[in-house]
């Protein structure tokens, strides 16, 4: 299995989404992905990757 590094804007979107999730626990994952996609100019593939990463991350 090959490990592919995440693009910088996807990393920033993931950090932002994790912080938003903590600050606004009522905000749904899809809403976070949509907003991050607009804020960080994510491609559809990057938005899907973000959604998968958020689904795997525990809610704290």
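A short reminder: the numbers here are calculations on the coordinates, not readings from a lab. Source: prediction; values computed, not measured.
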Requested in this report: Round to the nearest 10 and give me the degree value, 0 to 90, for the angle of helix 8-23's Cα axis relative to the longest principal axis of the chain.
Outcome: 20 degrees
Query raised in the report: Can you give the angle from 0 to 90° between the axis of helix 29-39 and the longest principal axis of the chain, with both taken from C-alpha atoms, to the nearest 10?
Result: 60 degrees
Query raised in the report: Across every pair of different alpha-carbon atoms, what Kirkwood hydrodynamic radius in Å does the chain reach?
Result: 11.6 Å
